[in-house]
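Notes follow the structure.
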Amino acid sequence: MTSLEKLSEICRSWGGRILHINKGLFKNFFSWRDAGPGRVLLDDYSDAPFTSYVGVNHKRKTIYIAKPDVNPGEIVHEMGHVFATNKAPEQTEEWVWFGWEFALARKTGCIKQWMRSCNLYQVGTEALNGSTKDIIDFGGLNVKDRRKVLLERLDLALHHKLITSDLEPLSVRIS
Ligand SMILES: [Zn+2]
């Protein structure tokens, strides 16, 4: 079973789904940037700003993919938007559920791909210098610092009951 298939199965077990759609339909769903004539601007759909052709509908617990060779790491992040928070993507604090993402990537065998998809992810430096204000690209950290950041985030995810003590990711969606 591929990582993507495993992610899809977990989505279903949490009452959601991953849908593969074509690019035309995707553009209609996620056209907030350029809702021109003939384009439908739909509420509740948010696309991933740094990756094209991946998006979510938080309310419907649905992740949309409209490209053939998607990195499963990107889907791990999008699943976070749907299952690791009760808040819609515009209001969520992604940094709170970074450890949850790691746990899900680990469970589905795509840690390397997930790490690659996080290269430009802006991480806080709490674990490195105690500051809650500084941010840095995850991809710019050395292995030791990545480890520190991940451990601190796993601790936080555990604290927020997003994962179990044996790193099992949980869904927090109550509706
Ligand atoms: Zn995001």
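A few points about this structure:
- If the condition is being touching a residue at least 12 places away in the same chain (Cβ under 8 Å) and in contact with a helix residue (DSSP H, G or I) (Cβ under 9 Å, 6 or more places away or on another chain), then region 126-145 contributes GLU126, ALA127, LEU128, ILE135, ILE136, PHE138, GLY139, LEU141, ASP145.
- Residue list for region 1-47, filter: among the small types (Gly, Ala, Ser) and modelled with pLDDT under 95: GLY24, SER31, ALA35, GLY36, GLY38, SER46
- In region 112-140, the qualifying residues are those that are surrounded by 18 or more Cβ atoms within 10 Å (Cβ to Cβ) and of a type outside the set (Gly, Ala, Ser), and the one that is farthest from LEU4 (Cα to Cα) is THR125.
- Every condition in (1) at pLDDT 95 or above; (2) away from the ligand (no atom under 16 Å from the Cβ); (3) closer than 20 Å to GLY16 by Cα; (4) crowded, with 20+ Cβ neighbours inside 10 Å is met by ALA66 except one, and the failing one is (1).
- Of the numbered criteria (1) under 17 Å from the mean Cα position of the chain (by Cα); (2) modelled with pLDDT under 95, the one CYS110 fails is (2).
- Output for region 84-103, where each listed residue is within 19 Å of PRO72 (Cβ to Cβ) and within 14 Å of the ligand (Cβ to nearest atom): ALA84, GLU94, TRP97, PHE98, TRP100, GLU101
- Matching option when the condition is within 14 Å of the chain's Cα centre (by Cα) and more than 24 Å from SER13 (Cβ to Cβ), among LEU128, LEU162, LEU151, LEU120: LEU120
- Residues of region 126-141 classified as in a loop (DSSP other than H, G, I, E, B) and within 17 Å of PHE102 (Cβ to Cβ), total: 1
- Here the condition is being of a type in the set (Asp, Glu) and either under 17 Å from GLU5 (Cα atoms) or at pLDDT 95 or above (or both); of GLU74, GLU94, GLU90, it holds for GLU74 alone.
- Counted residues, region 142-175 - those being among the small types (Gly, Ala, Ser), surrounded by 15 or more Cβ atoms within 10 Å (Cβ to Cβ) and either assigned to a helix (DSSP H, G or I) or at pLDDT below 95 (or both): 1
The values are calculated or read from the model by the stated rules, or taken from the named source; none is laboratory data. The model shown is predicted, which means the values in this text are computed figures rather than measured ones. Cβ coordinates were reconstructed from backbone atoms using ideal geometry, including for glycine residues, and neighbour counts include every protein chain displayed.
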